[in-house]
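Enquirer: What follows is a single structure, and I will ask about it in a moment.
Bear in mind that the values in this text are calculations on the coordinates, not laboratory data. From a predicted model like this one, the values you see are computed outputs, not experimental measurements. Positions of Cβ are generated from backbone atoms using ideal geometry, with glycine treated the same way; all protein chains shown enter the neighbour counts.
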Amino acid sequence: MVRNNQNNQIVKGIKIILIINFVLTLGVASCNKLVPAGFWNDYQKPLLVKNLSDQGPFGGRRSMYWKVENGRIFNSKAIIEFAVKNGWEFVDSLEVQADKLKTWHYNKTSVFPLSYSGFSSTPAGADSEYESFPRWINVGLKVYQFKTGWIVYEPGTGDSFDVNGFVVLNNEGNEMSVYHMWGE
């Protein structure tokens, strides 16, 4: 009986050590590839102006914004290479003129129109999910679309989509944003 209690205590001790190790590993890994789109934290770090992240157990969102004051620094080739190197798969791109951005608003705030029903370059209505994706670039831009290895499920429909990572570059090449949504 004493031997059994000692064995149980040893097993409990090992479990506690493993749990602590797991939690510490997650903490250390919080800025890397294990967190959805976390690898972007390492891209041009000194130029990162905004970094909004809400990663929960059933879904998450990330909105990031970089800006350089003088000159052109961001180029699509390098950005696509960085994304692909980190597991995102380039799908397509589209240009959006500045006047079309006037429709990308929610509650009088500039937004990137991404929601549980996907990204829409011509949003038909207001979706409260847009609030999670502020838009900092207000001039002509290009949107690069990626499959990220994560999926978004539209609540109540069971519909899903896998193109849920976006990089936005302004035409001058001095502003860049990343938007990512996953889960349900």
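Enquirer: So for region 68-130, if I pair up every lysine 8 or more residues apart or on another chain, how many of those pairs have alpha-carbons under 30 Å apart?
Expert: Number of lysine pairs found: 4.
Enquirer: Taking a ≥ b ≥ c as the square roots of the Cα gyration tensor eigenvalues, with a/c under 1.5 meaning rounded and otherwise prolate when a/b beats b/c, else oblate, which class fits region 135-184?
Expert: Since a/c reaches 1.5 and a/b is larger than b/c, the shape of region 135-184 is classed as prolate.
Enquirer: How would you rank 90-103, 139-152, highest first, on the average number of other Cβ atoms within 10 Å across their residues?
Expert: Per-residue mean Cβ counts within 10 Å order the peptides as 139-152, 90-103.
Enquirer: Q55's amide H: which non-local residues (gap 5+, or another chain) put their own amide H closer than 5 Å, with H modeled 1.01 Å from N in plane and none for Pro or chain starts?
Expert: R61
Enquirer: Sticking with this one: From the phi angles alone, apply the Karplus equation (6.51, -1.76, 1.60; θ = phi - 60°) to region 143-160 and give each ³J(HN,Hα) in whole Hz, x where the residue is Gly or Pro.
Expert: 9, 9, 9, 9, 8, 10, x, 10, 10, 10, 10, 7, x, x, 10, x, 5, 9
Enquirer: Turning to a different aspect of this structure: Tell me, Kirkwood radius of region 38-184 from alpha-carbon pair distances, in Å?
Expert: When all Cα pairs of region 38-184 are included, the Kirkwood radius is 15.4 Å.
Enquirer: A follow-up question, please. Determine, at each q value in 0.14 (inverse angstroms), the log₁₀ of I(q)/I(0) that the Debye formula gives when each Cα of region 56-100 is one equal point scatterer.
Expert: Debye curve over Cα of region 56-100, log10 I(q)/I(0) at q = 0.14 Å⁻¹: -0.58.
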